[in-house]
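The values are calculated or read from the model by the stated rules, or taken from the named source; none is laboratory data. What you are looking at is a predicted structure, and each value in this text was computed from that prediction instead of being measured. Here the Cβ is made from the backbone with ideal geometry for all residues, glycine too, and neighbour counts use every protein chain on show.
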Amino acid sequence: MEQFSPIEKQESLDVLNYQIRSCKKCGLHTTRKHALVGEGNINANIMFVALSPGAKEDVQNKMFVGPSGKVFNKLLYAAGIDRNRVFMTNLVKCILPGNRKPKVDEIESCSLFLNDEIAIIQPKIIVPLGYYATRSILLKFNANPDYAAMSFKNINGQLLNFSGVKVYPLTHPSALLYNPSFEAVTIEKYKNLKGLTE
Ligand code: SF4
């Protein structure tokens, strides 16, 4: 994998972010206010990959500022992880109207940007949040078909290794908005993250 200096990383991200912000590759550009670019520490060891911006994120043009962002902050705090030290992005950069599921063509079009973000940031561990992000990351790394066939609940919190890159699927914070009873078990899984990067 090509290595980047911090300046090269920032320059490459700036070019990529310009492409994302002006992207009209799929129909979601017609309903968005903003196409959200990845955000956070460009030298992060941990990269979180969520599904797509929520309503507040779309309006404010920032990652994890809505209700699920509050849950995300709580999970990071409980896990002893500083939000300023991680990189956060979405599989699909534009809001999904009415929180609907993403379409295959939307994921295929947009995940090319995610590939570039991973190549630039070069995280030690990628944390896909929820089913869609996990499935896309597994396909990207040509995961063993047994993994790809697993349902998310069976792979949630399992550490996978792909040629030096670790993948650790976790529950998306928004899931706790609907199922708060999962909070304690989710916190335990988030807590493992710190040890995985030390
Ligand atoms: S979702 Fe992705 S591919 Fe579709 S318009 Fe937005 S940035 Fe482009």
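Here Val167 meets the list (1) over 24 Å from Ala44 (Cα atoms); (2) of a type outside the set (D, E, K, R); (3) surrounded by 18 or more Cβ atoms within 10 Å (Cβ to Cβ); (4) at pLDDT 90 or above almost entirely, failing just condition (1). Checked against the criterion of being at pLDDT 95 or above, of a type in the set (Phe, Trp, Tyr), in a helix (DSSP H, G or I) and over 15 Å from Ala44 (Cα atoms), the range 141-153 has no qualifying residue.
When residues in the range 181-196 are screened for being surrounded by fewer than 20 Cβ atoms within 10 Å (Cβ to Cβ) and closer than 18 Å to Phe64 by Cα, 2 of them pass.
With respect to (1) more than 28 Å from Gly157 (Cα to Cα); (2) in contact (Cβ under 8 Å) with a residue 60 or more places away in the chain, the lone exception for Val71 is condition (1). Every test in (1) under 24 Å from Asn99 (Cβ atoms); (2) among the basic types (Lys, Arg); (3) in contact with a helix residue (DSSP H, G or I) (Cβ under 7 Å, 6 or more places away or on another chain) is passed by Lys153 save one, and that test is (3).
Beta carbons closer than 9 Å, at least 6 apart along the sequence or on distinct chains, pair a first residue in the range 36-61 that is at positive phi with a second that is buried (at least 19 other Cβ atoms within 10 Å of the Cβ) and among the aromatic types (Phe, Trp, Tyr) for Gly40/Phe48; Gly40/Phe87.
Return a yes/no flag: does the range 9-29 have any residue that is assigned to a loop (DSSP other than H, G, I, E, B), small (Gly, Ala, Ser), closer than 22 Å to Leu139 by Cα and within 16 Å of the ligand (Cβ to nearest atom). Taking every residue of the range 9-29 in turn, none turns out to be assigned to a loop (DSSP other than H, G, I, E, B), small (Gly, Ala, Ser), closer than 22 Å to Leu139 by Cα and within 16 Å of the ligand (Cβ to nearest atom). Taking the condition over 24 Å from Lys101 (Cβ atoms), more than 13 Å from the ligand (Cβ to nearest atom) and modelled with pLDDT under 95, does Pro6 pass? When the stated conditions are applied, Pro6 passes them.
Scanning the range 166-195 for residues that are closer than 13 Å to Pro128 by Cα and not in a helix (DSSP H, G or I) yields Lys166, Val167, Tyr168, Pro169, Leu170, Thr171, His172.
Those helices (runs of 4 or more DSSP H) of the range 39-127 in which 1 or more residues are within 16 Å of the ligand (Cβ to nearest atom) and over 27 Å from Glu198 (Cβ atoms) occupy 55-60, 104-121. For the range 84-93, the set of residues classified as out of contact with any Ser or Thr (no Cβ under 7 Å at 6 or more places or on another chain), surrounded by 17 or more Cβ atoms within 10 Å (Cβ to Cβ) and not aromatic (Phe, Trp, Tyr) consists of Val86, Met88, Thr89, Lys93, listed by residue number.
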